[in-house]
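The values are calculated or read from the model by the stated rules, or taken from the named source; none is laboratory data. Computed from a prediction, not measured in an experiment: that's the story for all the values here. Positions of Cβ are backbone-derived with ideal geometry, glycine not excepted, and every protein chain shown enters the neighbour counts. Keep in mind that these areas ignore ligands, DNA and RNA; they rest on the heavy atoms of the full protein, side chains included. Shrake-Rupley method; radii C 1.70, N 1.55, O 1.52, S 1.80 Å.
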Amino acid sequence: MTIRKPVLLAVFLIIVIGFFAVYGIEAFRLTNPKETRITIVLKTNHVHSEFWQTVSTGVQAAAKEFGVIIDIKGPLSEMDSDEQIRMIDEAIAQKPDAFILAAADYSKFAPSAEKIRESGAKLILIDSPIPINWADSFLATDHVEAGKKAGISLAGHGNGESFKVVAIGDRNGTAAEEEREAGFRQVLSDLPEVEYVGVYYFEGTEDTAYERVKKLLTLYPDIQGIIALNEKATLGAAKAIKEKKWAQKIKIIGFDSSIYVIKLLEEGIIHATVVQKPFNMGYLSIETAVKALNGVKVNPRVDLGSNVITSDNMYTKENQELLFPLVEK
Amino acid sequence: MRQGRNVGFDLFKFKSIQSSISVAFSCLILFSIAITSVISYFLSANAVEENSEHYIKEIIQQVNVNIQSYITNMEHIGMLALTNKDVKYYFSDTGFISEAARRPYEKRISDLFQSILISRKDIASIMVFGYNGRFVSDRRITSLNPNARIEEQPWYKNAKKEGGKSIISSPHVQNIIQNEYRWVVSLSQELKSLDGMTGEGIFLVDLNLSVINEICSRINMGNKGYVFIIDKDGNIVYHPQQKLINSNLKTELIDKVKNETSGSFMTDEGGGKRIYTIQETHFGWRIVGVAHTGELISNRYQIRLSYILWSLLALAIALHLSFFISRRLSQPIKLLQGKMKQVEKGDFDIRSEIDSQNEIGQLGRAFNIMVGRIKDLMNQIIQNEEFKRKSEWQLLQSQINPHFLYNTLDSIIWMAERKKHEEVVLMTSSLAKLFRAIIYKNNETVPVRVELEHITNYLLIQKMRYKDKLDFQIDVDPSILDYQIPKIILQPIVENAIYHGIKKKLESGTVKITGMEQGENIVFVVSDDGIGMDSEKLRQVLMLTHTSNKGIGVSNVNERIKLLGREYGLTFKSEQWEGTEVTIVLPKFI
């Protein structure tokens, strides 16, 4: 007997073990697919914040596509960084696989980020940076680039004659506004015919912006271009120009959009507005997180891009999506 | 290298039938199970795939029917409005309506539109733009967006261009009403004059996307599969990832779909093998179903899993069966082999216990017969050897038979006392010759010549002892003198003749010995004319084996001769008072 009992037994054992191994693995995979959970902390989850709601739509679209479980959080106010920190602490306890964070404050989030790192979760920053260098990726609009686009849109209209340009910004404005200003200043400094007067600050509301622009118009009646660094500034400036019926004389380039901005664009009061792509921000943040979780190397800095919207191009397919994102289709 | 090959080769050299059979079976089973599982897996996978393709086609057809009926429905609503007398009149160039009369017209038309709108939740708005500058909508008071350039909008331009045919736009934001920006699909149609020739305005129905979305999004095409619709210019009417496509995050094979007629095609552009199934509607939309082939067999994993599991199970069973069968086949052989080994060691009591009727059973029976035969032969040999030893011993005893010696010596003494010198000399020399003949070498056989010398001397001595009472004649064919015969076969018979025949007779008697060739045999006949023997006596003589210490029994002689062959031996013929004749048949040996 050259094939001995132990050999026979071993063969049988191997087959049986193989049987159960395959069965077990498959059964496990079929019943227990690895669930990826991602927590998203937005600057605000307020339903009236069109921008963040659109980010949220993008997040949901990606979550559906990639089959991840998401938890979207955000305080009611865009400025409530303490609430965001509290939300991160709360979420860490549930051990999500990744965090997507849109920090409301530049400096306060270092300890929270450290906690996320300790929990082993991936960290994707969106919209606003925080002072850490190990986040897996940072997805944001390149505001300097957006500012340059605004500058080009303003200057491209020029007919070679010199013209005067002012910028108006929020006194307590975000880093984004500074970057926009830097961007278009860079473009304007290359154009000798443009005289850049400087940035004038208002107190954060549409009304104060309006008052500020009105004053500026009396101060510099020969102004031909206004760069409004945010939506409030855009609306305030537009109101002042509309009142003076100087729309033909003064071009307003704004940032961000709202239904009011759209109407003013249609009316021709605002020449152009530079918009971000919040849907892409939400979608790509999840995509990046999923890639990072799957061990794919991700780009540490993603520019989401921006579009210059004018009355001529506002109803193109892409721009319609950007301007009217939340209407249920 | 060489060694390695040898080792590898040795793997397939099996030392037992069982391993050869089981390995051969296992290979065969493994092979056939693998082949059948793979084939049937692919067959069933194909079948499932075909079914799913068919199924998808039907789904798309269903979607097509639903959407067509929906759009047709809308067109009918349009017809309802367009054929309305008020509408026709109000927008006709020829119809003159005073400024004051316009309000009631507008009100009636508006009421009509409103009643349609109420019955249909999916209609966002109904409007008519007359080329004569008149405008009516479903609302009493409508402020149009002064900045919306209506004439430049695609739904307006296309309807005008098509002249009477209904036009369906892709989803867009409708901005013609002030402060309203809604995503709609616009169904527009040019209003014709009564003669049906000249256009008088554009009729617009804006549809919420909900109905189309609902029709399409409810379709289940697996996890990744989906349905999308494009219009004839390739604009997306509906796509589950419309936002992603419009935002340039995703692409769709719109060009390919646009150029394709109804039917389906396969692609793996942009990740994943997919089947696009296209159906064209009569108004130019294309409804496209996209299914991931990997998902068509939604339970491909389960199918594969169950195939693997069943094959493994079948394999395990089959392998065990093969071991079992090979064991069944080889077990009796192995058993036989074991028995053979025992036989080799000398155990002849072994019997194989195989009772099957097949070849192996026959082999077993043959083995049993063979072993039985060997055992018999062995026993015979043992008996023969034993007998030989005994008879040799007896022979040795007889060679120096003390009684015979005493008697002879007594006779010599007796004759010497009587001063019968010649007789003493004769008897002594005969005795000496007798012993010489007995000690003639230490062989079992002697030439006939020596045996005759021996018997002659013996008879001489006896004759001297019994004086005239005994006579003898020896008549042997000289041609047989050189044949070899067993030692001392005549003496016991002659002795028997003297003691039982002649001694008891009153008169003298004669012992006659003749020897001749008879074919292949040598035949000696010892006859006497003594008193003979009755059958009882004869039996006694034949039984008289080694009990007598007077010499070797007649039966001993017989048995010794029988060792040479069954056909040889002694034959007795005796007649009471007449005498006895013993025939000795011996083979010819040189």
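Scan the stretch A:117-196 for GluC sites (Glu not before Pro) in coil per DSSP, keeping those whose Cβ has at most 15 other Cβ atoms within 10 Å, and list them by number.
Values: sites: A:Glu118, A:Glu145, A:Glu161, A:Glu177, A:Glu178, A:Glu179, A:Glu181, A:Glu193, A:Glu195; in loops: A:Glu161, A:Glu193.
In loop regions of the stretch A:117-196 (DSSP not H, G, I, E or B), the sparsely surrounded GluC sites (Glu not before Pro) are A:Glu161, A:Glu193.
Compute the distance from the alpha-carbon center of the stretch A:34-69 to that of the stretch A:159-192, in whole Å. The stretch A:34-69 and the stretch A:159-192 have Cα centres separated by 33 Å.
Restricting the calculation to Cα atoms, the stretch B:400-587 shows an Rg/Rh of 0.96 when the hydrodynamic-style radius is the Kirkwood one. Note on B:Ala148/A:Trp246: beta-carbon distance plugged into 1/(1 + (r/R0)^6) with R0 of 30 Å gives a FRET efficiency of 0.80. Within the same chain, lysines fewer than 8 places from B:Lys341 are excluded, and of the rest, those with a Cα less than 25 Å from its Cα are A:Lys5, B:Lys13, B:Lys15, B:Lys375. Within the shell defined by Cβ-Cβ distances under 10 Å, the residues around A:Met79 carry a net charge of -4, with Lys and Arg each +1 and Asp and Glu each -1. Relative intensity of the stretch B:213-296 on a log10 scale, I(q)/I(0) at q = 0.11, 0.13, 0.23, 0.25 Å⁻¹, equals -0.26, -0.37, -1.26, -1.48, per a Debye sum over C-alpha point scatterers of equal strength in the absence of solvent.
Note on the protein assembly as shown: helix-only mean residue ellipticity at 222 nm, from DSSP H runs of 4+ residues weighted -39500 (n - 2.57) and normalised by residue number, equals -16500 deg cm²/dmol. Once each part is reduced to its C-alpha centroid, what is the distance from the stretch B:430-492 to the stretch A:256-329 in angstrom? A separation of 144 Å, based on Cα centres. The dipole here belongs to the stretch A:143-275: it is taken about the Cα centre, uses +1 on the Cβ of Lys and Arg and -1 on the Cβ of Asp and Glu, and is about 380 debye.
Summarising the overall dimensions of the protein assembly as shown from its C-alpha atoms, the Rg and Dmax are 64.3, 206 angstrom. Kirkwood analysis of the Cα pair distances in the stretch A:45-201 returns a hydrodynamic radius of 18.0 Å. Give the lysines whose C-alpha is closer than 22 Å to that of B:Lys121, dropping any in the same chain fewer than 8 places away, or say none. Straight-line reach from B:Lys121, under 22 Å: A:Lys329, B:Lys107. Separation of the stretch B:168-236 from the stretch B:508-544 is 143 Å, based on Cα centroids. Among the protein heavy atoms, those of A:Tyr201 account for about 90 Å² of accessible surface (1.4 Å probe, every chain in place).
Quick one: which of A:Lys122/B:Lys224; A:Lys251/A:Lys277; A:Lys43/A:Lys214; A:Lys43/B:Lys250 span more than 29 angstrom between C-alpha atoms? Display every interim value, and only then the final one.
On the way: A:Lys122/B:Lys224 26 Å; A:Lys251/A:Lys277 24 Å; A:Lys43/A:Lys214 32 Å; A:Lys43/B:Lys250 27 Å.
Pairs exceeding the cut-off: A:Lys43/A:Lys214.
How compact is the stretch B:333-378 by the rule of thumb for globular proteins, expressed as Cα Rg over 2.2 N^0.38 Å? Spell out each step's value before the answer.
On the way: Rg = 10.1 Å, N = 46, 2.2 N^0.38 = 9.4 Å.
Cα Rg divided by the expected 2.2 N^0.38 Å: 1.07.
Hand me the trypsin sites (Lys or Arg not before Pro) from the stretch A:245-291 located in a DSSP loop with no more than 15 other Cβ atoms within 10 Å, in residue order please. Counting only loop positions with at most 15 other Cβ atoms within 10 Å, the trypsin sites (Lys or Arg not before Pro) in the stretch A:245-291 are A:Lys245, A:Lys249.
Can you tell me the convex hull volume per residue for the stretch B:83-212, based on C-alpha atoms, in Å³ to the nearest whole number?
Details: hull volume 13.8 nm³, N = 130.
Output value, Cα hull per residue: 106 Å³.
The Cα-based radius of gyration of the stretch B:243-334, divided by its Kirkwood radius, gives an Rg/Rh of 1.45.
Helix A:50-66 and the longest principal axis of the Cα set of chain A meet at an angle near 20°. Volume per residue for chain B equals 313 cubic angstrom (convex hull of Cα atoms).
Using a 1.4 Å probe and counting only protein heavy atoms, arrange B:Tyr131, B:Tyr406 so the residue with the most accessible area comes first.
Values: B:Tyr131 80, B:Tyr406 135 Å².
From most accessible down to least: B:Tyr406, B:Tyr131.
Can you give the Rg to Rh ratio for the stretch B:13-118, taking only C-alpha atoms and Rh from Kirkwood?
For the stretch B:13-118, the value is 1.75.
Neighbours of B:Asp528, meaning other residues whose beta-carbon lies under 14 angstrom from its beta-carbon, give a summed charge of +1 when Lys and Arg score +1 and Asp and Glu score -1.
Given 25 °C and 0.890 mPa s, how large is the Stokes-Einstein diffusion coefficient of the stretch A:155-281 in µm²/s, with Rh as the Kirkwood radius over Cα pairs?
Details: Rh = 14.4 Å.
After rounding, the answer is 170 µm²/s.
Entry for chain A at q = 0.07, 0.10, 0.12 Å⁻¹: log10 I(q)/I(0) = -0.37, -0.65, -0.86, Debye formula applied to identical alpha-carbon scatterers, no solvent contribution.
At 0.36 nm per residue, minus the direct Cα-Cα distance, what do B:Gln337 and B:Thr510 gain on full extension? Give it in nm, one decimal, please. Present the calculation step by step, with values, prior to reporting the outcome.
On the way: separation 173, 0.36 × 173 = 62.28 nm, distance 6.54 nm.
Gain on stretching B:Gln337 to B:Thr510: 55.7 nm.
Among the GluC sites (Glu not before Pro) found in the stretch B:496-535, those both in a DSSP coil and sparsely packed, with 10 or fewer other Cβ atoms within 10 Å of their Cβ, are B:Glu507, B:Glu520. Legend: helices of chain B (whole DSSP H runs) are marked when their alpha-carbon atoms reach 18 angstrom or more along the helix axis and their mean Kyte-Doolittle hydropathy is at least -1.0; marked are B:17-82, B:99-119, B:300-345, B:359-399, B:402-417, B:421-438, B:448-466.
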